[in-house]
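Heads up: the structure comes next, in structure tokens.
The values are calculated or read from the model by the stated rules, or taken from the named source; none is laboratory data. Small disclaimer: the values here were computed from a predicted structure and weren't measured. Cβ coordinates were reconstructed from backbone atoms using ideal geometry, including for glycine residues, and neighbour counts include every protein chain displayed. All accessible areas refer to the heavy atoms of the entire protein, side chains included, with ligands and DNA or RNA removed. Shrake-Rupley method; radii C 1.70, N 1.55, O 1.52, S 1.80 Å.
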Amino acid sequence: MQRHSTISPLLSLPGAVAAEGPDEGVAAHYGDLFREQRALADGTGFVDLSHRGVITVTGPDRLSWLHLLLTQHVSDLPPGQATEALVLSAHGHVEHALYLVDDGTTTWIHVEPGTAGALIDYLESMKFFYQVEVADSTDQYAVVHLPAGSIAPLPDGWTARETAYGRDVFVPRDELETYAKEVGHPIGTLALEALRIEAHRPRLGLETDHRTIPHELGWLTTAVHLDKGCYRGQETVARVHNLGRPPRRLVFLHLDGSNVTLPGHGTPLRLAEDERPVGTITSSARHWELGPIALAVIKRNTPADATLLADGTAASQEVIVEP
């Protein structure tokens with residue numbers, strides 16, 4: 001099957017500036033970052049997420065089968081109810097993050113750009129005798145995010161994930177440009193990222209590395225069900241939850257606004273009185289109300305009231321995951 005272009009057709013809209021890094025292929029912004037953030041906060045506009053992977057799972061066993069593989073309880077997932085889940089390694093490290101909804105006949109999933117292939121390979125290897133079909137539907141469907149409070153229409157027959165943060169609409173890819181004209185002004189991924197950071201929401205590939213376990217990022221409350229049956233990596237989840245604490249923790253940072261540049265992903269963090277690193281910046285943004293902000297993963301025993309330094313930029317903590 002011919003893969004769709006990685007470059008969104010909406011990059012041709014007036015003012016579009018292409019994103020870099022994990023969001024390459026869609027617009028970072030359309031000329032006014034803070035206005036775009038305010039619009040999202042007010043429930044207007046849309047964000048082109050057509051670079052994300054889309055996976056569909058069909059068949060009568062789809063939910064009971066996914067229930068065995070994912071960290072989330074999905075065997076009885078009602079139609080239309082959005083949820084999120086993880087795939088872990090045998091040692092409990094995060095390998096994939098899935099954002100899903102079932103419409104009664106199909107489970108719709110969107111994932112980080114570039115990760116759909118590896119996830120599908122894993123799912124295919126676990127089919128055994130179950131009546132399920134897994135498809136990479138990225139060629140046929142694109143994701144468009146509508147913020148919470150949006151009154152943009154959802155055409156009959158289309159599927160969307162409705163969450164507290166808005167709706168992720170699975171748009172037939174050949175109707176993306178037409179739909180974009182109907183749902184308001186375009187907003188870039190930088191605005192969405194700023195609101196994600198403000199909401200303390202981790203993102204695979206930014207807040208995660210090869211060692212990440214769900215406890216470190218607060219995913220136990222949103223993507224992990226602690227009382228469901230067995231799945232790969234469950235022993236680590238249960239052991240750390242019941243007997244210990246994770247070695248690292250996610251924190252929200254207020255950054256000193258006097259510096260012109262933001263510390264980017266991977267910037268080391270240290271205590272003001274010590275040169276040794278205690279963690280790293282994972283995501284950063286300039287927020288329209290809060291100023292420069294960031295998420296970071298730091299050593300669990302780092303004092304919660306300590307001022308941290310990122311390349312000379314002072315940062316004060318807000319606790320997300322308890323020390």
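So the values come out like this:
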quantity: Qualifying residue in the range 3-18 (condition: in contact with an Asp or Glu (Cβ under 6 Å, 6 or more places away or on another chain), open to solvent by 20 Å² or more (accessible area, probe 1.4 Å) and more than 18 Å from Asp102 (Cβ to Cβ)); calculated: yes
quantity: Residue count, the range 207-247 (criterion: touching a helix residue (DSSP H, G or I) at 6+ places or on another chain (Cβ under 9 Å), open to solvent by 30 Å² or more (accessible area, probe 1.4 Å) and in contact (Cβ under 8 Å) with a residue 24 or more places away in the chain); calculated: 6
quantity: Residue in the range 27-37 that is in contact with a Leu (Cβ under 6 Å, 6 or more places away or on another chain) and without any contact (Cβ under 8 Å) to a residue 40 or more places away in the chain present; calculated: no
quantity: Filter result (touching a strand residue (DSSP E or B) at 6+ places or on another chain (Cβ under 8 Å), exposed (fewer than 13 other Cβ atoms within 10 Å of the Cβ) and not hydrophobic (A, V, I, L, M, F, W, C)) within the range 260-302; calculated: Gly266, Arg276, Gly291
quantity: Search result, residues across the range 203-243 that are in a loop (DSSP other than H, G, I, E, B) and farther than 27 Å from Ala294 by Cβ; calculated: His225, Leu226, Asp227, Lys228, Gly229, Cys230, Tyr231, Arg232, Gly233
